[in-house]
Structures are given as structure tokens and as C-alpha cells.
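Enquirer: Below you'll find the structure I mean.
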Amino acid sequence: MILSDKRILEEIAKATIKIEPYRRECLGSNSYDVHLGKWLAKYKDEILDAKKHNTIEYFEIPDEGFVLQPHVFYLGVTEEYTETHAHVPFLEGKSSTGRLGIDIHATAGKGDVGFCGHWTLEISVKQPVKIYKGMPVGQLIYFPVEGEIETKYNQKKDAKYSGQPDKPVESMMWKNKF
């Protein structure tokens, strides 16, 4: 079951869902539109190693836009800061974004109950496409949780992505033991 617009508004009023900035016109019948933040990043190394800390370099999207290139992996970020304390948030691309050949996540579309922060986007494109900060890129949908949560994500001592800033965050795979 997905929360409706009225239920999302009820949860915002109860502070179990927080979206900043919140704009009423971005609320759909069962989702909330999120926008591309001003920061993008790329990994510094061409070959990434899952066991090491792969660093990234940030750059700001200029007002005149930026052309994304195929075969380049970009990390972006949502303009919106969100908190979700009683539901499972899912981030999906908007159909208009997909129809431009832009994928906003490779695998990480599901958040956890207790996620607080800006969403890092895993961006790739099928052909060159010009993007702009503030453009709609995705939509959040919320699912109720069955049962009581023992430990919310923002309460886990080993939560690698809690409190994400307004800049993209690189992979923290290297923090895992394997």
C-alpha cells in the first residue's frame, strides 16, 4: 500500500515525514516530486575498488546547465532534505526524466525508516543531455511498515549514510567487513 496525498499531508503534520523545502505544488496524488540539487560529483579514479575509500570531486551545476555524458557515472543530490520516521521511502525517477534517458539510481531507490538527509543520486545517461539545478528528477513514495521497528536507521551506530549533506556522498562499501 502506498500513502495517498492526504496521508502524506497527515504524516507531515505529525512530523513522521519531513521535507525541506516543502512546496505544495510538488505533492502528487501518491508521491512528492524532488529536485536536483546544485552539486554533482565524479569519482577521481577510473577504476573503483570496493575495498578502498574511493574519493570524489565535487562541482557545481552552472546556471546555464551542464551536459551529462554517457559512460560517465555521476553522483548527484536532491535539493530536498527529508526525514521519514514511520514509513519506508522509495525514490523513483520521474517519467519525464526517464524519457530524457536519465537514470537517477542504479540500485539505491529504497530508504529505511529513520533515514534523515538529502538523497544521493546515482546518475547515468543514455546519450548526452543537458541538466539544470532545481529541475524535477524524481518522486518519493511512502509505504507503511508492518510491525514495530526495533532500531531506526538514524539510531544505528553503524549507519553509513545517516544525515547526508547537500552534496553527494560516495560509496562507503569499504567500511563493510568482507
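The values are calculated or read from the model by the stated rules, or taken from the named source; none is laboratory data. All of these numbers come straight from a predicted model, not from anything done at the bench. In this analysis, Cβ positions are derived from the backbone assuming ideal geometry, glycine residues included, and neighbour counts consider all displayed protein chains.
Enquirer: Provide a single number: the residues in the range 43-83 that are free of Cβ contacts under 8 Å to residues at least 12 places away in the same chain and either surrounded by 13 or more Cβ atoms within 10 Å (Cβ to Cβ) or within 30 Å of E146 (Cβ to Cβ) (or both).
Expert: Selection size over the range 43-83: 0.
Enquirer: Continuing with the same structure: Would you confirm whether or not the range 21-33 contains a residue that is surrounded by 20 or more Cβ atoms within 10 Å (Cβ to Cβ), of a type in the set (G, A, S) and over 21 Å from S124 (Cβ atoms)? Walk me through it before giving the result.
Expert: First pass over the range 21-33, keeping only residues surrounded by 20 or more Cβ atoms within 10 Å (Cβ to Cβ): 31-32.
With the extra rule that they be of a type in the set (G, A, S), the set shrinks to 31.
Now narrow it down to the ones that are over 21 Å from S124 (Cβ atoms): 31.
Checked against the condition, which is being surrounded by 20 or more Cβ atoms within 10 Å (Cβ to Cβ), of a type in the set (G, A, S) and over 21 Å from S124 (Cβ atoms), the range 21-33 yields at least one hit.
Enquirer: Within the range 84-100, track down each residue that is touching a residue at least 40 places away in the same chain (Cβ under 8 Å) and either among the small types (G, A, S) or touching a helix residue (DSSP H, G or I) at 6+ places or on another chain (Cβ under 8 Å) (or both).
Expert: We begin by selecting, within the range 84-100, every residue touching a residue at least 40 places away in the same chain (Cβ under 8 Å); these are 84-94, 96-97.
Those that are touching a residue at least 40 places away in the same chain (Cβ under 8 Å) and either among the small types (G, A, S) or touching a helix residue (DSSP H, G or I) at 6+ places or on another chain (Cβ under 8 Å) (or both): A86, H87, G93, S96.
Enquirer: Mind counting the residues in the range 1-21 that are under 15 Å from C116 (Cβ atoms) and not in a helix (DSSP H, G or I)?
Expert: Number satisfying all stated conditions: 6.
Enquirer: In addition: In the range 107-159, which strands (runs of 3 or more DSSP E) lie fully inside it and hold 3 or more residues that are in contact with a Leu (Cβ under 9 Å, 6 or more places away or on another chain), without any contact (Cβ under 8 Å) to a residue 60 or more places away in the chain and surrounded by 17 or more Cβ atoms within 10 Å (Cβ to Cβ)?
Expert: 115-125
Enquirer: Would you pick out the residues in the range 37-62 that are among the β-branched types (V, I, T) and modelled with pLDDT under 95?
Expert: Passing the criteria: none in range.
Enquirer: Another question about this same structure. Looking at (1) within 21 Å of I2 (Cα to Cα); (2) touching a Phe, Trp or Tyr at 6+ places or on another chain (Cβ under 6 Å); (3) of a type outside the set (A, V, I, L, M, F, W, C); (4) part of a strand (DSSP E or B), which one does T82 not meet, given that it meets all the others?
Expert: For T82, the exception is condition (2).
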